[in-house]
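J.: Dumping the structure here so I can ask a few things about it.
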Protein chains: 2
Amino acid sequence: MSSYNAPIRDMQFVMRELADLEAVAALPGCEDASPDVVDAILEEAGKFANGVLAPLNRAGDTIGAKWDNGVVTTVPGWKDAYTQFAEAGWTALACEPEFGGQGLPKLVSTAVMEMWKSANMAFSLCPMLTTGAIEAISLCGTDAQKADYLPKMVSGEWTGTMNLTEPQAGSDLAAVRSRAVPQGDGTYKIFGQKIFITYGEHDMTDNIIHLVLARLPDAPEGVKGISLFVVPKFLLNADGTPGERNDVHCVSIEHKLGIHGSPTAVLAFGDNGGAIGTLVGEANRGLEYMFVMMNEARFAVGMEGLALSERAYQQALAYAKDRVQGTEAGVRGGPKVSILHHADVRRLLMNMKSTTEAMRALAYVVGAATDMAHYHADEAVRTRSQAFVDLMIPVVKGWCTENANLITSDGVQVHGGMGFIEETGAAQHYRDARITAIYEGTTAIQANDLIGRKIAREGGLTAKALVAEMRKVEAQLAEASGDEFAAIRKSLSAGVTAVEEAVEYIVATYGKDIKAASVGSVPFLKLLGIVAGGWQMARAALVSARRLAEGSGDASFYKTKITTARFYADHVLSQAPGLAYTVVNGAAGALDLTEDQF
Amino acid sequence: MSSYNAPIRDMQFVMRELADLEAVAALPGCEDASPDVVDAILEEAGKFANGVLAPLNRAGDTIGAKWDNGVVTTVPGWKDAYTQFAEAGWTALACEPEFGGQGLPKLVSTAVMEMWKSANMAFSLCPMLTTGAIEAISLCGTDAQKADYLPKMVSGEWTGTMNLTEPQAGSDLAAVRSRAVPQGDGTYKIFGQKIFITYGEHDMTDNIIHLVLARLPDAPEGVKGISLFVVPKFLLNADGTPGERNDVHCVSIEHKLGIHGSPTAVLAFGDNGGAIGTLVGEANRGLEYMFVMMNEARFAVGMEGLALSERAYQQALAYAKDRVQGTEAGVRGGPKVSILHHADVRRLLMNMKSTTEAMRALAYVVGAATDMAHYHADEAVRTRSQAFVDLMIPVVKGWCTENANLITSDGVQVHGGMGFIEETGAAQHYRDARITAIYEGTTAIQANDLIGRKIAREGGLTAKALVAEMRKVEAQLAEASGDEFAAIRKSLSAGVTAVEEAVEYIVATYGKDIKAASVGSVPFLKLLGIVAGGWQMARAALVSARRLAEGSGDASFYKTKITTARFYADHVLSQAPGLAYTVVNGAAGALDLTEDQF
């Protein structure tokens, strides 16, 4: 059995030293995020994550959500945990104050979100999807819709879902076929089947508010003919309480590789006359609205990659310290030692630790930039920050989730044979992680977005600005002394050059041969993630050297940061040039075969 | 649901063009392996794998082996399939003719083994473990033991197991505590608990022959005090038939991440007075005997990595050809296409295909070298071949199984959201694969063996001879024309240089700082696998160019080989220098932290 301890010390380090919490707290509207308040929030969230959510994670896996004749029952203890979660105000943390939210900056909610996802990822999906639905209604809903739904969703009394996918419309939402028929009274009847609906049905709240993509009768074909509707499980009475059951029913839930605690529903709309819904925003703009919210959702899934990596690391480390096996290398007949003494176990753990820290640093920095883009008084700063966020969202999503597959696998490996036994719990993280590189857009979808909309469309402008930032850190490394900094600088320098070469190739190729550029898109996404993570690790090492020189704080902590950054440079960042080679040279081999040659 | 079609055409190509089947068939003792006979064997094995074993694979996963009060029941249909398997003579294929085996060369049994493992890995473990037990008794058993057990094990009437692991003795067999007490009549009473015993109990045969590591009363501590015993589930009557039940009982079976069809038993020896066994070979030499057999077992597990990769590739390819989603890149509103048209799906499939082919080529070449080492008339050839086999066994085991984790993950990814749904079947391969990099020695154990016993101990002699062979192929590439060969040569050249640098480092470092060398051991193992695989892919491309120039055979097949080798060079082989960097520079970062700094 594995426990979880929220890594508050490391979160604070990243928030303060790398993501500039002070600057975020100085933004207009973010004044509440004083260091004391933030520390208290992290402390309380950590207690809830460690004490309430984490202990329910295993039952989520072994028992799972159950479907019976349309009714979904969540895992014993989950409903109670959810009630506590809502009552403690956690659902409202990042929401706008207008409807009861606490309006805390993204940087703070990011750290808190990491804890929920580490402690119990399957549970965390429920509030995460609700946040997306809240955002959709806030952004495009009518005043009536806002008044009807938002207060109860922000308070956590009701949850929300996003209904996009249909059997024939997965990554390609243009193929959505669900229909919405206007009733002449301002409402619509919705017909169709939606699949992969996270928490599409459950027993934790009195109502579920579905946001649904469907086509109006006169809608154009393709992406420009899809509208967004809000369809509650229970229609509202005049006093706003849940009333008549709406015609949306859970036909089944999926039997999945992981996140068993999270019910993944097949929802049938309108099998008995039509599900009543109302239009959100303007007709035919549904997909556009979805794209606006997608940044948020993709970032959150990227956080799942980070969070599961942290959880897997904690579990593997505890095992490695506890498990005694063999003697020190080269000491036959010597005393038995914990496996943490063995070189490859260390390598695995350092890989897990350093990559997890790199992901955290990058994700939090992007979280802080989101606050800058949202709240900063200077429009130029807002624009610049938003461009950085837009560039990095697919990287946070794609890179952190691909990493999670590898790092949770490392976690299994550290356990040896025990890792393959389900009771150990390491395998659960490995299984749970596997969805993160798929949902909210596969890594390929992220990578397409990255090289197309985020790089080629603007001639690589923002990417080049990022490269310039990284070069500044490289220059600072040159002034730091010691082997560690020489090693970090060497790999970072080669890594940034690799990014530059790859960006040049993408900008030059995308317009004239989109397929050739696309072959390199996922390798490029990984490359950019690795190097951006290395940039943040280098910053962490530089800050740590400064603190050591000042003699302030915990010297061991700062020395660990420098060593960890060095490991990352030698083992992870050093793989960057190979990826750039593939980006630049990999197209012909991937594209030359005809279909029948496969 | 996924089907399997044994890739006979590709197997034949590798056997004939890369592994020199003709030379193997010319070896004394291998004359039966004529091209016609081999083709017939592959044909028949393919039918059995495709038609009998593959259809039982999914029930193996969903139903799994069941334990009830000491009795293990295999999956419905498996007992019957096993009976057919034995009756068709498949258990005897690679065994020595003296006890009823067919004595076919390793190269041939390797291809056949790949089929069993692709079709139904969990099933294949039963004959695989039996083969190991047969080998142990053949190698070290008394004439009586051979006569008692071998004919019925070779015929498949009885199966065998290997009992090494105990709760405190996983990778470290020196810690084995099971006891063997001599009874004065030539028999021993065995006491102790063994875990992770594959097919330690099942209902497919009338008897199970356990090979058990245990300590004699006067045995020295550590590795030099472990003896090997044969302990049948049923003691034999005077006529050789199974008689009285022996005191070995299955306490439970494990609940595992994958290979659910294969019962992994906890076996209690001697809880009711002592399990009767006889000594195999000399006292205190048990571990040594195990090491002799380990090459065989490790090779076989490496084949599992290859086999599951092939199976996952077949399934992903079928899905990619069938699933229609989106339009051609850059063609909004164009006709919908199969996802095989999308660049990243192609990249994933080409990665799966090319890496799988590289593994097959390398494994079969090692299989053929095993035959050379065993049968060749010239002692110098035997010695040279054995050295190559010894060097490459940990690579085949470690590299193919680590690859299998990645390639079965690619297989899930190609399926998108459906990959996460268990009914699709892609996730089973991902789960099944995860044990292969752990059992029969984790990748770290393989890598230790590789850099220590196989490289440092002899100053890198065999590794350098391998480098020289690779350089010859590099030189041949320089004489071939076309972009593909220039690309392949570029990556192979850099890859071989990377291997050279890493070998130099290991040879120079191992003796003076074993931990520093060991940090790089797994990256080095992967490096050597990637480059050795690239060497074989280059050979395949050169042969194909020759066949094309001759105008012989299927031109499309040979063109595909060249393109696939090129993809491998640009996407896989190109990562070699980054790994060498880590081998040479990665020690300090991995070793510097103290235990409490983690």
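J.: Six or more apart or on different chains, Cβ under 6 Å: which pairs go from a residue in the stretch A:223-235 that's in contact (Cβ under 8 Å) with a residue 40 or more places away in the chain to one that's outside any strand (DSSP E or B) and of a type in the set (A, V, I, L, M)? Could you list them?
T.: Pairs found: A:VAL223/A:ALA174; A:VAL223/A:LEU287; A:GLY225/A:ALA219; A:ILE226/A:VAL176; A:ILE226/A:LEU287; A:SER227/A:LEU216; A:SER227/A:ALA283.
J.: Examine the stretch A:431-454 for a residue that is crowded, with 24+ Cβ neighbours inside 10 Å, over 30 Å from A:GLU166 (Cβ atoms) and either at pLDDT 95 or above or more than 7 Å from chain B (Cβ to nearest Cβ) (or both), and state whether such a residue exists.
T.: So far as the stretch A:431-454 goes, no, none of its residues is crowded, with 24+ Cβ neighbours inside 10 Å, over 30 Å from A:GLU166 (Cβ atoms) and either at pLDDT 95 or above or more than 7 Å from chain B (Cβ to nearest Cβ) (or both).
J.: Could you please find all residues in the stretch A:416-427 being surrounded by 22 or more Cβ atoms within 10 Å (Cβ to Cβ) and more than 7 Å from chain B (Cβ to nearest Cβ)?
T.: Those that are surrounded by 22 or more Cβ atoms within 10 Å (Cβ to Cβ) and more than 7 Å from chain B (Cβ to nearest Cβ): A:GLY425, A:ALA426.
J.: Quickly run through the stretch A:263-298 and pick out the residues that are under 30 Å from A:THR62 (Cβ atoms) and assigned to a loop (DSSP other than H, G, I, E, B).
T.: Matches in the stretch A:263-298: A:PRO263 only.
J.: Among the residues of the stretch B:283-329 satisfying the criterion of being buried (at least 19 other Cβ atoms within 10 Å of the Cβ) and aromatic (Phe, Trp, Tyr), which is nearest to the other protein chains (Cβ to nearest Cβ)?
T.: Looking at the filtered set, the residue picked out is B:TYR313.
J.: Determine, yes or no, whether A:ASN351 is out of contact with any strand residue (DSSP E or B) (no Cβ under 9 Å at 6 or more places or on another chain), assigned to a helix (DSSP H, G or I) and surrounded by fewer than 24 Cβ atoms within 10 Å (Cβ to Cβ).
T.: yes
J.: Output the residue which, of all residues in the stretch B:258-306 that are modelled with pLDDT of 95 or more and of a type in the set (S, T, N, Q), is farthest from B:ALA133 (Cα to Cα).
T.: B:ASN272
J.: If you check A:ARG347, A:ARG332, which single one turns out to be without any contact (Cβ under 8 Å) to a residue 12 or more places away in the chain and within 14 Å of another protein chain (Cβ to nearest Cβ)?
T.: A:ARG332
J.: For the stretch B:460-479, check the following and say yes or no: at least one residue is buried (at least 18 other Cβ atoms within 10 Å of the Cβ), farther than 26 Å from A:VAL583 by Cβ and of a type in the set (S, T, N, Q).
T.: Within the stretch B:460-479 (the criterion being buried (at least 18 other Cβ atoms within 10 Å of the Cβ), farther than 26 Å from A:VAL583 by Cβ and of a type in the set (S, T, N, Q)), the answer is yes, since at least one residue qualifies.
J.: Okay, next question. Among (1) surrounded by fewer than 24 Cβ atoms within 10 Å (Cβ to Cβ); (2) under 21 Å from B:LYS561 (Cα atoms); (3) touching a Lys or Arg at 6+ places or on another chain (Cβ under 6 Å); (4) of a type outside the set (Ser, Thr, Tyr), where does B:ALA373 come up short?
T.: Just one mismatch for B:ALA373, condition (2).
J.: I'd like to check something: does the stretch B:318-333 contain any residue that is aliphatic (A, V, I, L, M), part of a helix (DSSP H, G or I) and modelled with pLDDT of 95 or more?
T.: Taking every residue of the stretch B:318-333 in turn, at least one turns out to be aliphatic (A, V, I, L, M), part of a helix (DSSP H, G or I) and modelled with pLDDT of 95 or more.
J.: Can you name every residue in the stretch B:552-576 that is at the interface with chain A (Cβ under 7 Å from one of its Cβ atoms) and surrounded by fewer than 15 Cβ atoms within 10 Å (Cβ to Cβ)?
T.: If the condition is that a residue be at the interface with chain A (Cβ under 7 Å from one of its Cβ atoms) and surrounded by fewer than 15 Cβ atoms within 10 Å (Cβ to Cβ), then B:SER556 is the only one that fits.
J.: On to the next question. Out of (1) touching a residue at least 40 places away in the same chain (Cβ under 8 Å); (2) farther than 13 Å from B:TRP535 by Cβ; (3) more than 12 Å from every other protein chain (Cβ to nearest Cβ), the odd one out for B:LEU466 is which?
T.: B:LEU466 satisfies every listed condition except (2).
J.: Do you know which residues across the stretch B:526-555 are over 20 Å from B:THR356 (Cβ atoms) and outside any helix (DSSP H, G or I)?
T.: B:GLY551, B:SER552, B:GLY553 - these are the residues of the stretch B:526-555 that are over 20 Å from B:THR356 (Cβ atoms) and outside any helix (DSSP H, G or I).
J.: Next question, about the same structure. Can you tell me which of A:VAL522, A:VAL496, A:VAL503 is touching a residue at least 60 places away in the same chain (Cβ under 8 Å) and within 28 Å of the chain's Cα centre (by Cα)?
T.: Values: A:VAL496 fails: touching a residue at least 60 places away in the same chain (Cβ under 8 Å); A:VAL503 fails: touching a residue at least 60 places away in the same chain (Cβ under 8 Å).
None of the other options fit; the residue is A:VAL522.
J.: Is it fair to say A:ILE63 is under 21 Å from the mean Cα position of the chain (by Cα) and surrounded by fewer than 20 Cβ atoms within 10 Å (Cβ to Cβ)?
T.: no
J.: Of everything in the stretch B:175-229 that's farther than 25 Å from B:SER252 by Cα and among the acidic types (Asp, Glu), which residue is farthest from the chain's Cα centre (by Cα)?
T.: B:ASP185
J.: Okay, next question. Out of curiosity, is A:THR165 buried (at least 19 other Cβ atoms within 10 Å of the Cβ) and either free of Cβ contacts under 8 Å to residues at least 12 places away in the same chain or closer than 19 Å to A:ALA275 by Cα (or both)? Can you show your working first?
T.: Details: buried (at least 19 other Cβ atoms within 10 Å of the Cβ): yes; either free of Cβ contacts under 8 Å to residues at least 12 places away in the same chain or closer than 19 Å to A:ALA275 by Cα (or both): yes.
It is true that A:THR165 is buried (at least 19 other Cβ atoms within 10 Å of the Cβ) and either free of Cβ contacts under 8 Å to residues at least 12 places away in the same chain or closer than 19 Å to A:ALA275 by Cα (or both).
J.: Consider B:TYR364 carefully, then state whether it is aromatic (Phe, Trp, Tyr), surrounded by 19 or more Cβ atoms within 10 Å (Cβ to Cβ) and more than 13 Å from every other protein chain (Cβ to nearest Cβ).
T.: When the stated conditions are applied, B:TYR364 passes them.
J.: Having 3 or more residues that are at pLDDT 95 or above and buried (at least 24 other Cβ atoms within 10 Å of the Cβ) is the bar; report the strands (runs of 3 or more DSSP E) wholly within the stretch A:187-242 that clear it.
T.: A:188-198, A:208-214, A:227-232
J.: Also: Residues of the stretch A:577-586 being surrounded by 24 or more Cβ atoms within 10 Å (Cβ to Cβ) and more than 7 Å from chain B (Cβ to nearest Cβ), which ones?
T.: Once the filter is applied, which keeps residues that are surrounded by 24 or more Cβ atoms within 10 Å (Cβ to Cβ) and more than 7 Å from chain B (Cβ to nearest Cβ), the stretch A:577-586 yields A:LEU579, A:ALA580, A:VAL583.
J.: For the list (1) assigned to a helix (DSSP H, G or I); (2) out of contact with any His (no Cβ under 7 Å at 6 or more places or on another chain); (3) among the basic types (Lys, Arg), I need the number of the one condition that A:LYS454 fails.
T.: (1)
J.: Could you grab me the full set of residues in the stretch A:168-186 that are in contact (Cβ under 8 Å) with a residue 12 or more places away in the chain, crowded, with 19+ Cβ neighbours inside 10 Å and assigned to a strand (DSSP E or B)?
T.: A:ALA180
J.: Which of (1) in contact (Cβ under 8 Å) with a residue 40 or more places away in the chain; (2) more than 21 Å from A:LYS79 (Cα to Cα) is the odd one out, the single condition A:HIS202 does not satisfy?
T.: Unmet for A:HIS202, out of (1) in contact (Cβ under 8 Å) with a residue 40 or more places away in the chain; (2) more than 21 Å from A:LYS79 (Cα to Cα): (2).
J.: Which of the residues that make up the stretch A:254-277 are of a type outside the set (S, T, N, Q) and within 14 Å of another protein chain (Cβ to nearest Cβ)?
T.: Once the filter is applied, which keeps residues that are of a type outside the set (S, T, N, Q) and within 14 Å of another protein chain (Cβ to nearest Cβ), the stretch A:254-277 yields A:GLU254, A:HIS255, A:LYS256, A:LEU257, A:GLY258, A:ILE259, A:HIS260, A:PRO263, A:ALA265, A:VAL266.
J.: Does any residue in the stretch B:22-41 that is surrounded by 13 or more Cβ atoms within 10 Å (Cβ to Cβ) come within less than 7 Å, Cβ to Cβ, of a residue that is acidic (Asp, Glu) six or more places away or on a different chain, and which pairs are these?
T.: Every condition considered, the pairs that remain are B:VAL24/B:ASP371; B:ALA25/B:GLU31; B:LEU27/B:ASP371; B:CYS30/B:ASP371.
J.: If only one of B:ALA590, B:ALA541, B:ALA532, B:ALA549 is touching a residue at least 24 places away in the same chain (Cβ under 8 Å), farther than 27 Å from A:GLY520 by Cβ and either crowded, with 24+ Cβ neighbours inside 10 Å or in the same structural domain as B:SER521 (by TED's automatic domain parsing) (or both), which one is it?
T.: Working: B:ALA541 fails: farther than 27 Å from A:GLY520 by Cβ; B:ALA532 fails: farther than 27 Å from A:GLY520 by Cβ; B:ALA549 fails: touching a residue at least 24 places away in the same chain (Cβ under 8 Å).
One residue alone meets the criteria, B:ALA590.
The values are calculated or read from the model by the stated rules, or taken from the named source; none is laboratory data. Predicted, not measured: the structure shown is a model, and the values here were computed from it. Glycine gets a Cβ as well: all are built from the backbone with ideal geometry, and neighbour counts include every protein chain shown.
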